[in-house]
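Report on one structure; see the data block that follows.
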Amino acid sequence: MSRKCELTGKGPMSGNNVSHAKNRTRRRFLPNLQDVTLSSDVLGRSFRFRISSAALRSVDHRGGLDAFLAKAKDADLSNEALKVKKLIAKAQATA
């Protein structure tokens, strides 16, 4: 399981630990990933994603999973999230 947000594409960054004596050693800054279940209003079912806390706030801000995926770039989404986006778009087109 990769350490990458499925909705925003946010992944690990690298940087330095800096001691009081200014000694620098390499380190990794990992995203704050959470396993969450998000429900789609259009499809009427839930989906499990591993997303960052910032992405969870963005989903709430935009008004749910359906609205977030409608505006999300395809390049940032994981394969599973891209499948859900296409299912939602197809359901909205038929309804």
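Given H placed on each backbone N at 1.01 Å, which residues far from F47 in sequence or on other chains put an amide H within less than 5 Å of it?
Amide H neighbours of F47: L38, S39, S40.
May I ask for the net charge around M13, where only other residues with Cβ less than 10 Å from the Cβ of M13 are counted and Lys, Arg are +1 while Asp, Glu are -1? The partial results should precede the final answer.
Working: positive: K10, R27, R28; negative: none.
The answer is +3.
On a 0 to 90° scale, report how tilted helix 79-94 is relative to the longest principal axis of the chain, with both axes built from alpha carbons and the result rounded to the nearest 10.
Around 30 degrees separate the two axes.
When the helices in the chain are scored as -39500 (n - 2.57) per DSSP H run of 4 or longer and the sum is shared across all residues, what 222 nm value do you end up with, to the nearest 500 deg cm²/dmol? Intermediate values should be presented prior to the final figure.
On the way: 3 runs with 33 residues, N = 95.
Calculated mean residue ellipticity at 222 nm is -10500 deg cm²/dmol.
Could you give the spread of the C-alpha atoms of the chain along their three principal axes, from largest to smallest, in whole angstroms?
Reported extents, whole Å, longest axis first: 64, 21, 21.
Would you check the chain for Lys pairs whose C-alpha atoms are within less than 16 Å, ignoring same-chain pairs closer than 8 in sequence, and give me the count?
Eligible lysine pairs with Cα atoms under 16 Å apart amount to 9.
Give me the distance in nm between label points sitting 7 Å out from Cα along the Cα-to-Cβ direction at S39 and S2, one decimal.
Result for the modelled spin labels: 3.1 nm.
If I build a Gaussian network model for the chain, linking alpha-carbon pairs within less than 10 angstrom, which residue out of N79, N17, N32 has the largest mean-square fluctuation?
N17
Nearest 10 degrees, 0 to 90: what angle lies between the long axis of helix 53-62 and the longest principal axis of the chain (Cα atoms)?
30 degrees
No lab work stands behind these numbers, since they all come straight from the coordinates. Here the structure is a predicted model, which means the values were calculated and not measured. Note: ideal-geometry Cβ built from the backbone for every residue, glycine included; neighbour counts use all protein chains shown.
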